[in-house]
Amino acid sequence: MTPVFQRIAQALDRQKKRLFRNSSRSDDQSASRRAEIAEFAGVCFNYGNLLAENGRLDEALAYYRRSEVLGNSAWILHHYHGNVLDRDGQFDAAMQQWEKAVTGDYPEILSVYSDIIMRLIHHGDRLAAERWLKQVTPLYCASVEQAAKRGDFRRFLLADFRAGIQKCLDAVCGILSSRIGQPRVRGYPGEGESISEGE
């Protein structure tokens, strides 16, 4: 462990000990104590992100788990935790985290679905990608309808958007069909590597 990461880990361990030193106190469930623990869970999540960005996947996963144990159940934790598990070759565990990430109703859910579908395409898992596409289609349609009602991009809606969505889904399914049996793609868009063919 490099000195910088070592110092951060030591500081987090000291903070954890301070938080839980007197865990038998009667005010353990006070609002301020819960807020401190929630803040520490967020710090663990952010440190996990820093570790993942620096390729320290095992350590990142440990801090994501710590954040979850401390009560962090935010969609973004599950999304990023799944992404790092996938990068670490733990695809089944990643799927479990991603399934937790898409429970709920939040503005970023469509981008989470998109990321998951792209990772499934990367793995050549056509059936799972199609299942996730079918799952997200009603959400996408509802999002477009809401945007149209608000007047967002109304001038761009020149044709029936449902037909456009179906064409898009058909095209993605065609891409999935053509990807089966092709060489795996290295890296993911947005993760520091461009897409290139080969192992």
**OP:** Read phi for every residue in the range 141-148 and hand back ³J(HN,Hα) as whole Hz from Karplus 6.51 cos²θ - 1.76 cosθ + 1.60, θ = phi - 60°, with x for Gly and Pro.
**Re:** 4, 5, 5, 5, 4, 5, 5, 5
**OP:** For a footprinting-style exposure proxy, rank HIS123, HIS78 by other Cβ within 10 Å, fewest first.
**Re:** HIS123, HIS78
Original post:
Can you give the extra length, in nm with one decimal, that the chain gains between VAL4 and SER32 once fully stretched, where that is 0.36 nm per residue apart less the Cα-Cα distance?
Top reply: 7.1 nm
Original post:
Going by how many other Cβ atoms sit within 10 Å of their own, how do LEU139, LEU77 line up, fewest first?
Top reply: LEU139, LEU77
**OP:** Answer rounded, prolate or oblate for the range 1-142, using the Cα gyration tensor with square roots of eigenvalues a ≥ b ≥ c: rounded when a/c is under 1.5, else prolate when a/b is larger than b/c, else oblate.
**Re:** oblate
Original post:
So for TRP132, TRP98, fewest C-beta neighbours within 10 Å to most, what's the order?
Top reply: TRP132, TRP98
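Every read-out reported here was derived from the displayed coordinates using simple, explicitly stated rules and does not represent laboratory data. Computed from a predicted structure; not experimentally measured. When we count neighbours, we look across all protein chains shown, and the Cβ atoms used for this are built from the backbone with ideal geometry, even at glycine.
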